[in-house]
Amino acid sequence: MPTHLTHWTAVIPLRGGSKGLPGKNTRLLAGKPLYRHAVDLALAAGASRVLISTDIPEVLAAELPHTVQALPRPSELCGDTVPMAPVLVHALQAAQVQG
């Protein structure tokens, strides 16, 4: 019997330390910052909540829709070699997501 998710949380990891294209997550694409495209897609896909895990001050200070929360990511989770699992665990715990 299939189950349907009615409430789910999207996590968008944004790190400020891009080497290939510095500042890429806040650069404008079609008139809005790149990260906002990810947020809009998550909301359009039906996410009831969107968490942005980031070390980018501009994103942390941005005005966001009420179902979107920017969470400060600790510096130890911002390196090039940090696996994604600890980043996701931190975001979900920081936002007190129950599941």
Accessible area per residue of the chain at 1.4 Å probe, in Å²?
64
Looking only at trypsin sites (Lys or Arg not before Pro) in DSSP loops with at most 13 other Cβ atoms within 10 Å, what is the longest site-free stretch of the chain?
28-99
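With a ≥ b ≥ c the root eigenvalues of the C-alpha gyration tensor of the chain, is it rounded (a/c under 1.5), prolate (a/b larger than b/c) or oblate? Present the calculation step by step, with values, prior to reporting the outcome.
Working: a/c = 1.87, a/b = 1.30, b/c = 1.44.
Since a/c reaches 1.5 but b/c is at least a/b, the shape of the chain is classed as oblate.
K32 to W8: extension gain in nm, 0.36 nm per residue of separation minus the Cα-Cα distance?
Details: separation 24, 0.36 × 24 = 8.64 nm, distance 2.49 nm.
So the extension gain works out to 6.1 nm.
If you take the beta carbon distance between A61 and K24 as r and set R0 to 22 Å, what does 1/(1 + (r/R0)^6) give as a FRET efficiency, to the nearest 0.05? Mind dumping the intermediate values first?
On the way: r = 18 Å, r/R0 = 0.83.
Once rounded, the FRET efficiency stands at 0.75.
Over the chain, what percent of the accessible surface lies on carbon and sulfur atoms, probe 1.4 Å?
Details: 3750 of 6350 Å².
The nonpolar share, carbon plus sulfur, comes to 59 percent.
The values are calculated or read from the model by the stated rules, or taken from the named source; none is laboratory data. The shown structure was predicted, so the numbers you read here are calculated from the model rather than taken from an experiment. Every residue, glycine as well, gets a Cβ built from its backbone with ideal geometry; the counts of neighbours run over all protein chains shown. With ligands, DNA and RNA removed, areas are computed over all heavy atoms of the protein, side chains included. Shrake-Rupley method; radii C 1.70, N 1.55, O 1.52, S 1.80 Å.
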